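Structure first, then comments.
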Amino acid sequence: MGLRTFWHRGRQRLRQPLQRGVDLLGTQPTLFAPPRQLGLNLAPAAPAWSLQRLSAIVHQLRAQPSAELMLEARHARHCLSRFWLEAPVDQLAQLWQGAIGTVQRELSASPLREQPLSRDEQRWRHRLLEAVAQSSPDRWNHLLALLGYLEGPQLPSAITAEALPTWLNDLYSWCASANASPRGLLTPAKEADAPGPAPAPLPRLIPTDGQQLLDLFSDEAAQKRGLGLLRLLQVDPDDQEVIDELQTLRLMLAQLLLDVSPDSLENLYRSAIGDLFRQLVQSSLCRRELSSRDQTHRDQLMQLLLEADTGRDEALLLAVALFHPIERIELNLDSFELPGWMHGAWRELSGGTPAR
């Protein structure tokens, strides 16, 4: 055996550890087996947002609400709600008393609170209500996250004045003032104090009540169904099944307009339901010859609008537009008792300057 072979084999033997599995260098970190499930929240983060943009949405919504702004405000409300859930518990007081708390209070007192909740918003509110009922360390996070989804002027029954932390002592009075006006679209308007003759009642076109109609049209699937029917009518204007269904839809929308309270009619007009109404008014359905039933309804609405004192000229005028080509309706709007927003809405419906 030559010297080179001996030296090579000797080096191999010297490099072998004294005992298999022992690492005398200690360069490898100690590894521990991870748990099977750590419990991390793997849901994607909410979209990026800025407080300045949310504040602008709130101010625009209070000045001139529209369907687009309402949609943006819904997403803004959810962003703020998620923010409160993830905010540090020991920073809630400073956040509530700062700029973010101000935007939260303004959004909760905006016209958005008069809008019905979508189905996923209802589920979100239900989860928050369940969490608020638990006396957990993050209970106030859930309460602040819930504020934008409250119904009525009261906090959840699980929250008592004594249980609130000192920095939330004014929450009861704030909720009462923020919800002073009717929350629902169908809440009757406040009656005038001055005595006088009772206004003429509005007609009942269909037996379905206003709340059922509002629940139906608040469903996004129903809105999409209506818009889909209008597109089918454009493709085939003589499809009788589509025409029949749209005629039923027209009656339902007309009845909803008559049932909505005067204070909430503008919000309905600028909502997604209002978008469906506008497209129906501007469709070819309103230019077709009316059935005897619909002609009776139209004449009844026109008679009330022109001859009776109902106090609801704006609702009657919008309902009439569903049964008559709007470009052929020649009326002097100044001769009716209409709120200011109706003049712009009528221009929009008749193809003039948009009201929004």
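Laboratory data are not the source of any read-out in this text; all were calculated from the coordinates shown. Just so you know, these numbers come straight off a predicted model, no measurement behind them. Backbone-built Cβ (ideal geometry, glycine too); neighbour counts: all protein chains shown.
Exposure proxy for Glu245, Glu330, Glu72: other Cβ atoms within 10 Å of each Cβ, ordered fewest to most, give Glu330, Glu245, Glu72. Among Thr160, Thr296, Thr310, the order by Cβ neighbours within 10 angstrom, fewest to most, reads Thr160, Thr296, Thr310.
Simple spin-label estimate for Ala161 and Arg82 gives 3.7 nm between the two label positions (7 Å along the Cα-to-Cβ direction from each Cα).
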